[in-house]
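Okay, structure first, notes after.
The values are calculated or read from the model by the stated rules, or taken from the named source; none is laboratory data. What you are looking at is a predicted structure, and each value in this text was computed from that prediction instead of being measured. Every residue, glycine among them, receives a Cβ derived from its backbone with ideal geometry; neighbour counts consider all protein chains shown. Please note that ligands, DNA and RNA were not included when accessible areas were found on the heavy atoms of the full protein model with its side chains. Shrake-Rupley method; radii C 1.70, N 1.55, O 1.52, S 1.80 Å.
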Amino acid sequence: MKILFWYCKDHCYWLLFLTVIFFTLSILCFLYQIDIEILFYGTLLCLFFFLVLIGTDFYRYKKRHDQRILIKTEAIDQVMDLHDSTLPGIEYQVLLKKIERARLEAIDQNEEQFKQHMDYFTLWIHQVKLPISAMQLLLEEDHLSKEKLKSQLLRINQYTDMVLAYLRMNASQTDYVFKETDLDETIRQSIRYFSSEFITRNISLIFKETHLFVLSDEKWLVFVIEQLLSNALKYTKPYGQIKIYLQKDRELVIEDNGIGIQASDIPRVFEKGYTGFNGRQDKKASGLGLYLCKEICKKLSCQISIESQVESYTKVFLTFEQSYKTVR
């Protein structure tokens, strides 16, 4: 009864039209004094054909209703096999096919993202096991070295920060808060974070203040600088040197005199998972640090590039688009 009620409601104009025709014919018969029997039989005949038409249309109406009910319980590909030759039915099938394509694309995208997550976390687990194994070996030594333990703990902390940054980067909403940021103070935070590494490995640091303020997100900018300093420390030999300075007014340079990067690797160092020849030899690289830096720099309106020469130096350039210098 419910579907019949809705059918009558949706087709009330047909019933109104039939009523108007009946009363019009009745008035004409009365005015022209036509026999009432002719009106009665004519009305019955029209009513018969009208009921046949309405019955057929109601059957199609109920069938389309059943199809919509089927969508709630069956797979969409089974619904698309249902035949409906009417124009709304054809348009409905086109719409369903479009929805199905979007659904399949979303499934493929989610599967690809899941695969990427699995690949990264598999790599991350292998990477984080290295400092854990190193700590276990250190704990077995007779003379426990706190500095070496701190160094391995720092590496674990770095890997943890990287995986959190990776997850936040792929989140639908990311907590970027842009404000005027003191670049020198941001650099000092990163230097303090690695202070024990500089001391333990006897690596000298030359930091020339930039006196620069940039419009950026301080938390993410600190992450980028920490990653770049981490790479510089990782590939700089003991008693080496790292320099941080400003050139061309708004271009920050982080330079080290470490093992360098092969020329063939430089175009690909920002690709996700790419470690390069030195990274594969050293087995310390995860292939994610520079990729994250590149993606974050895009969000921060900051350009990042690398220049290097094997066994000589590596320079990383951060160019800030929105910045101004202060006089101190």
*Residue by residue through region 44-53, which ³J(HN,Hα) values in whole Hz follow from phi under the Karplus form 6.51 cos²θ - 1.76 cosθ + 1.60 (θ = phi - 60°), with glycine and proline marked x?*
4, 5, 5, 5, 4, 5, 5, 5, 4, 4
*Shape call for region 95-173 from the C-alpha gyration tensor, a ≥ b ≥ c root eigenvalues: rounded (a/c under 1.5), prolate (a/b greater than b/c) or oblate?*
prolate
*Accessible area, 1.4 Å probe, largest first: how do SER195, SER230 sort?*
SER195, SER230
*ILE199 accessible area, assembled protein chains, probe 1.4 Å, Å²*: 130
*Distance between modelled label sites at LEU53 and ILE3, nm, 7 Å Cα→Cβ extension*: 2.3
*asked:* Just want the answer: with Cβ charges of +1 for Lys and Arg and -1 for Asp and Glu, which residue in LEU246, PHE223, ILE206 is farthest toward the dipole's positive end in region 199-256?
replied: ILE206
*Leaving out ligands, DNA and RNA, what percent of the accessible area of region 143-280 is carbon and sulfur, probe 1.4 Å?*
53
